[in-house]
Structure formats: structure tokens, C-alpha cells
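Undergrad: Before anything else, here's the structure in question.
Values quoted throughout were computed directly from the atomic coordinates according to the rules given, and no laboratory measurement underlies them. In this text the structure is predicted, and so the values were computed from the model without any measurement. FYI the Cβ positions are ideal-geometry reconstructions off the backbone, even for glycines, and counts take in every protein chain you see.
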Amino acid sequence: MYSFMKPDEVNSLEMVLIDEKGDKIHASVRRQMLYLFRLKITEGNVYKMSFFTVAPESGLYRTTPHRYKLIFEMKTKVQSCENNTIGRFGLSLTTIADICGHGPDYEFLVDVAGLITGISPQKEYIREGKVTKMILIELTD
């Protein structure tokens, strides 16, 4: 996750972990711990992890419906292991109608696979005194 105000600076490593049952949980490595874990974890590989903090998951734009998240600490252990029972991608497919039915207050992030059919010119808007740049992207499923 890159810093919003400094796009060239990495702020944290955010992951969605999946187990052999297909259950998913959000995991986070804070900027101060990146040097310990950045090269130890590769997307798509299987690991045994221990000694991390379990905290309630809250806020907007949650990555999974799990009630908790894992936070890596200095003492967290990450061991690579072989396992063929864990799915490589963990996709949960749904229809566009279901996604549109969630409404504006839906608190979970949704990955969308589609064809980009339009991109608007860049616009700026001001919210609470801060200027934010925005583009609209049109997708067709």
C-alpha cells in the first residue's frame, strides 16, 4: 500500500490470506516491519505463520467479511511449506446484479473483472479543504 500523500513511499503490506477451507482474513505488515517480511512472502505461496496480533477488523472498505485481522509483529514467524489443498487464487465470483444490490453503504471491497469501455478526463474536487484528483472508469462485464 503506497502512501496517499507520497506515492513513491510504501506505507504497509496488505494481504488477504486464505486457508484450506477457503476462509479469508486480512493481514497487515506496518511500514516499520516491512524490512522483516517484504522478501519472505510471495503471492500465491503457502506459509505457516505464528506469533502475530489478532485485532478486530473495522472501518470502511474492508477486504474480507472476517471479524478479525492479523497484524505482523517483530516476533511473527513465517515458514514456507508445501500444501496442495489450499486454492491458489481464492476467487469468490458473484453477479453484477448482486454487486449493484449492495448499495452505497456496503463496507467490503469488491474485485471486478471487466472490460474498460470508457475513461473520463481527470477532474479535481475539494472535500474538507483537500484537493483530490479523480477519473471515472466505465467497465462492461
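Undergrad: For segment 96-140, list log₁₀ I(q)/I(0) at each q in 0.21, 0.31 Å⁻¹, using the Debye formula over Cα point scatterers of equal strength and ignoring solvent, two decimals each.
TA: Result of the Debye calculation: -0.95, -1.02.
Undergrad: To continue, here is another question. State, as an integer percentage, the relative contact order of the chain based on alpha-carbon contacts under 8 Å between residues 6 or more apart.
TA: On the way: 207 pairs, mean separation 27.1, N = 141.
Relative contact order here is 19 percent.
Undergrad: Quick check: net charge around Met74, other residues with Cβ under 14 Å of its Cβ, Lys/Arg +1 and Asp/Glu -1? Show your work: numbers first, answer last.
TA: Values: positive: Arg30, Arg31, Lys40, Lys75, Lys77; negative: Glu73.
Summing Lys/Arg as +1 and Asp/Glu as -1 gives +4.
Undergrad: Let me ask another. ³J(HN,Hα) across segment 38-46 via Karplus (A = 6.51, B = -1.76, C = 1.60, θ = phi - 60°), whole Hz, x for Gly/Pro?
TA: Here the 3J(HN,Hα) series is 3, 8, 8, 10, 10, 4, x, 8, 10 Hz.
Undergrad: So, one more: Report the calculated FRET efficiency for Thr53 and Asp111 (r = Cβ-Cβ distance, R0 = 35 Å), to the nearest 0.05.
TA: It comes to 0.85.
Undergrad: Which of Ser120, Ser28, Ser12 ends up with the largest GNM mean-square fluctuation for the chain, with Cα atoms connected below 10 Å?
TA: Of Ser120, Ser28, Ser12, the most mobile in the Gaussian network model is Ser120.
Undergrad: Over the chain, with a Gaussian network built from C-alpha contacts below 10 Å, which listed residue (Ile86, Ile71, Ile116) shows the highest mean-square fluctuation?
TA: Highest fluctuation of the listed residues: Ile116.
Undergrad: For Met1 and Lys77, what is the calculated FRET efficiency with R₀ set at 22 Å and r taken between the beta-carbons, to the nearest 0.05?
TA: Approximately 0.45, to the nearest 0.05.
Undergrad: Continuing with the same structure: Which percent, to the nearest 5, of DSSP beta bridges fully inside the chain are antiparallel? Working shown, then result.
TA: Details: 25 of 29 bridges.
Looking only at bridges with both residues in the chain, the antiparallel portion is about 85 percent.
Undergrad: Quick one: what are the phi-derived ³J(HN,Hα) couplings along segment 124-141, Karplus 6.51/-1.76/1.60 with θ = phi - 60°, whole Hz, x for glycine and proline?
TA: 10, 9, 10, 9, 6, x, 10, 8, 10, 8, 8, 10, 9, 10, 9, 10, 10, 8
Undergrad: Give me the compactness ratio for the chain, meaning the Cα radius of gyration over 2.2 N^0.38 Å. Provide the component values of the computation, followed by the final result.
TA: Details: Rg = 17.9 Å, N = 141, 2.2 N^0.38 = 14.4 Å.
Relative to the rule-of-thumb radius for its length, the chain sits at 1.24.
Undergrad: Within 10 Å of each candidate Cβ there may be at most 11 other Cβ atoms; applying that plus a DSSP loop requirement, which GluC sites (Glu not before Pro) in segment 45-83 survive? If you can, show how the numbers build up before the last one.
TA: On the way: sites: Glu57, Glu73, Glu82; in loops: Glu57, Glu73, Glu82.
For GluC sites (Glu not before Pro) across segment 45-83 that sit outside H, G, I, E and B with at most 11 neighbouring Cβ atoms in 10 Å, the list reads Glu82.
Undergrad: Show me, for segment 62-79, the HN-Hα J-couplings you get by feeding each phi into the Karplus relation (A = 6.51, B = -1.76, C = 1.60, θ = phi - 60°), rounded to Hz, glycine and proline as x.
TA: Taking θ as phi minus 60°, the curve returns 6, 7, 9, x, 4, 6, 10, 9, 9, 10, 6, 10, 4, 8, 4, 9, 10, 10 Hz for segment 62-79.
Undergrad: May I pose another question? Comparing Gly59, Gly87, Gly129, which has the greatest mean-square fluctuation in the GNM of the chain with Cα pairs linked when under 10 Å apart?
TA: It is Gly129.
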